[in-house]
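Each remark here refers to the structure printed beneath this line.
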Amino acid sequence: MDQVYVVVSIVLSGLVLLGIRWMSSPRTAVRGNRLSALAMFIAIVLTLWNNLILNVPVLWAAMAIGSALGWVIGVRVKMIQMPQMVALLNGFGGGASALVSMIEVMDKYQNMATFNKLSGQLGLIVGGVTFSGSMIAAAKLDRRMTQIPVHLPNHNLWSNLSIVAMFGLGIATLYFDAAVVPISLLVLIISLVYGVLFAIRVGGADMPITISLLNSFSGLAGSIVGFTISSPLLVAVGAIVGASGLILTQIMCKAMNRSLANVLSGAIAKPSSKPKAEAPKAPAEEAVPEVAPEAEAPGAPQTPADETSEAFPAGRMLRDASRVIIVPGYGMAIAQAQQHVKRLMDALEAGGTEVKFAIHPVAGRMPGHMNVLLAEVDVPYDKLCEMDDINPEFPDTDVVIVVGACDVVNPAANTAEDTPIYGMPVLDVDKANNVIVCNLDTKPGYSGVDNPLYEMPHVELLLGDAKESLTQLLQAVEGQAAAQTAPEAAGQSVAPEGPQQVGKESLGEALTKAKKVTIVPGYGMAIAQAQQHVKRLMDALEARGTEVKFAIHPVAGRMPGHMNVLLAEVDVPYDKLCEMDDINPEFPETDVAIVVGACDVVNPAANTAEDTPIYGMPILNVDKAKRVIVCNLDTKPGYSGVDNPLYEMPHVVLLLGDAKESLQTLMTQVESQG
């Protein structure tokens, strides 16, 4: 074997290890992901070179197609769909390993050593199980299948027979050379069936463990196939992935206080056999009616401060709090409420409150699920605290806000000995001075165990959609005065009840009279998922004869082409997407520029503020347009930390808040012009 190949293989294996090490921390995860991806690309090129097929065009064409598909899928997938994405990628890895094993068996089986023959059969088994199991996991996570464990008649019998048949037939190929191909095909089919049997009886809430295990299987399958084709590089990298997946699986099992066998057997959680006490039930029942009227008409302007506090004690709790801990759960992911959580955090910190996040290791549907969702809306990494670090702080916390979490905050895990969650480490939110629960309802979580937290006297329930509950809290924290502060601070008067003004014209009049409109999308549009509303506004304006273009800054979003992909997703024509150098000369002739969730890329301070991080950065010259409408969440600086003077210019109108709502306001005013 070529010494260069061996040495480079060792180096690449080390780089993959380093990449995985970096991916263990949110601060270095992006760097680790890029390093591992680069190492894998070099590994592919090295393999082609070592096998003297580097100049085969069809291989490069296949890699180009695969890379393009991966890039498109990766960009278009939403963060809440990331667990499904991981499951699919695990499945693709297993499927690829099974295919390589099958091709080796069909092509070279007669000339293979006994060890390679057995590893080929094992590659078929592990690869097939990984592929079909991952497809089932992805379907469950995407709610295309039931979330509850599925148990077939004689499920264990069929599973055990499948295992015996797979390994028995795999060994049989050593003695029946003439029938090796049909036997191998049968092994592959049985492995696919076993993958289904294995995965369907795992419940949706156990998917974090299952995903980790399947990730390990995909690496293990690759490593086994490495033995089959005598590739030390594939053996090493596959073993690294397999070992890291097994370690993560062990961590997840420990966090849930469940054995791997218990998870994979699909043991259905049984409700507590102990009847609930009737006496303490009353406070919980009374708590809901107290909240409901506020939910129907939150933040009424005429309500005096004390009456609001009486009717909505949760708001008073937060206004008086010095320390707040937010506990996110899968319900936050389902409701897509992470942006509302971030806005509430900002409002509390603006009032001097210390805010932290308590992250349970199995909250969500995959390891790190909550971290990813909160990082998506720019919650600082240092605010995300692991369970062991944050638990001692709960007794000194004024208010804990639970957003869509149940089992991971269930104190019954410490006391209810006859229940499935007994002994599972939980977040000790019940020890805080006050607790606000923003859950859909008070039903038990996946464990089936009633949560006594809901009945405790210091707990306030805000039941229903998490976004609506968080909006109530935000309004209570900010108050009506705060709601008016942002527009006035920017020198504008934005009246939500009536048409906003641009000079003497309403926004609707300004837009319908405009001949040229330029829309500037930014990361805020991506966060708000407002691209569909942008498209509808474009269609409405073009229907009136207005020329509409899009100004795309090269670093808008979180990756090159981010805005292009989002707009293409809603069928905005490519020829309307203009690069910065092409569109900048057109701004002085533009009647209205509409900024949707962009800040630094339209900040004119980049041209003048010499001592700031963005000085000299090329920007979109929206300030030179005749009129500008800014549909941003707020007027805070962007990542650069530099205040944006655009917001204070006399020809600029601010529509602050959720971008979808602001764009809907524009749509309504345009349509009202007839």
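The values are calculated or read from the model by the stated rules, or taken from the named source; none is laboratory data. Bear in mind that the values here come from a model prediction, so they are computed numbers and not experimental data. As a convention, Cβ positions derive from the backbone with ideal geometry for all residues, glycine included, and neighbour counts pool all protein chains shown. Surface accessibility is based on the protein's heavy atoms, side chains included, excluding ligands, DNA and RNA. Shrake-Rupley method; radii C 1.70, N 1.55, O 1.52, S 1.80 Å.
K626 meets the conditions (1) of a type outside the set (V, I, T); (2) over 23 Å from V548 (Cβ atoms); (3) touching an Asp or Glu at 6+ places or on another chain (Cβ under 7 Å); (4) at pLDDT 90 or above in every case but one. The failed one is (2). Is it the case that some residue within region 37-58 is surrounded by fewer than 18 Cβ atoms within 10 Å (Cβ to Cβ) and under 22 Å from P380 (Cα atoms)? No, every residue in region 37-58 fails to be surrounded by fewer than 18 Cβ atoms within 10 Å (Cβ to Cβ) and under 22 Å from P380 (Cα atoms).
Candidates V202, V196: the one that is under 42 Å from the mean Cα position of the chain (by Cα), under 30 Å from T146 (Cβ atoms), aliphatic (A, V, I, L, M) and at pLDDT below 90 is V202.
Look at K117 and say whether it is over 32 Å from the mean Cα position of the chain (by Cα), surrounded by 14 or more Cβ atoms within 10 Å (Cβ to Cβ) and without any contact (Cβ under 8 Å) to a residue 12 or more places away in the chain. Criteria not met by K117. Residues of region 527-542 that are of a type in the set (A, V, I, L, M, F, W, C), open to solvent by 10 Å² or more (accessible area, probe 1.4 Å) and under 16 Å from V595 (Cα atoms): I527, A528. When region 359-374 is filtered for residues that are open to solvent by 30 Å² or more (accessible area, probe 1.4 Å) and part of a helix (DSSP H, G or I), the ones remaining, listed by number, are N371, V372. Pairs under 9 Å by beta carbon, first residue at positive phi in region 445-472, partner part of a loop (DSSP other than H, G, I, E, B) and open to solvent by 50 Å² or more (accessible area, probe 1.4 Å), six or more apart or different chains? Filtered contacts from region 445-472: G448/I268; G448/K270; G448/P271; G448/P420; G464/L440; G464/D441. Pairing residues of region 568-590 that are touching a residue at least 40 places away in the same chain (Cβ under 8 Å) and farther than 18 Å from A526 by Cβ with residues that are in a helix (DSSP H, G or I) and open to solvent by 100 Å² or more (accessible area, probe 1.4 Å), at Cβ distances under 7 Å and at least 6 apart in sequence or on separate chains, gives F587/K624. The C-beta contact set for region 631-643 (first residue among the small types (G, A, S), second residue assigned to a loop (DSSP other than H, G, I, E, B) and buried (at least 19 other Cβ atoms within 10 Å of the Cβ), distance under 6 angstrom, 6+ apart or interchain) comprises G638/C599; S640/I614. Between G95, G91, G133, G128, the distinction of being within 18 Å of T210 (Cβ to Cβ), without any contact (Cβ under 8 Å) to a residue 60 or more places away in the chain and either among the small types (G, A, S) or surrounded by 16 or more Cβ atoms within 10 Å (Cβ to Cβ) (or both) belongs to G95 only.
Scanning region 327-358 for residues that are surrounded by 24 or more Cβ atoms within 10 Å (Cβ to Cβ) and among the polar types (S, T, N, Q) gives a single hit, Q338. In region 351-400, the residue that is modelled with the highest pLDDT out of those that are touching a strand residue (DSSP E or B) at 6+ places or on another chain (Cβ under 9 Å) and more than 24 Å from D430 (Cα to Cα) is V379. Restricting region 1-14 to residues that are surrounded by fewer than 18 Cβ atoms within 10 Å (Cβ to Cβ) and under 21 Å from G245 (Cα atoms) leaves a set whose member that is farthest from the chain's Cα centre (by Cα) is I10.
Scanning region 217-233 for residues that are in contact (Cβ under 8 Å) with a residue 24 or more places away in the chain and surrounded by 22 or more Cβ atoms within 10 Å (Cβ to Cβ) turns up F217, S218, G219, L220, A221, G222, I224, V225, T228, S231. Considering region 543-607, the qualifying strands (runs of 3 or more DSSP E), each wholly inside and each with 1 or more residues that are surrounded by fewer than 17 Cβ atoms within 10 Å (Cβ to Cβ), run over 547-552, 577-579.
Do we find that S25 is in a helix (DSSP H, G or I) and open to solvent by less than 50 Å² (accessible area, probe 1.4 Å) in this structure? Considered against the rule, which asks whether it is in a helix (DSSP H, G or I) and open to solvent by less than 50 Å² (accessible area, probe 1.4 Å), S25 comes out as no.
Restricting M40, M63, M112, M79 to those that are under 32 Å from the mean Cα position of the chain (by Cα) and at pLDDT below 90 reduces the list to M79. Only one entry in V409, V402 is touching a Cys at 6+ places or on another chain (Cβ under 9 Å) and of a type outside the set (S, T, N, Q), namely V402. Of all residues in region 346-374, exactly one satisfies the criterion of being out of contact with any helix residue (DSSP H, G or I) (no Cβ under 8 Å at 6 or more places or on another chain) and of a type in the set (A, V, I, L, M, F, W, C), namely A350. Can you pull out the residues in region 608-623 that are of a type outside the set (V, I, T) and part of a loop (DSSP other than H, G, I, E, B)? Across region 608-623, the qualifying residues are A609, E610, D611, P613, Y615, G616, M617, P618, L620, N621.
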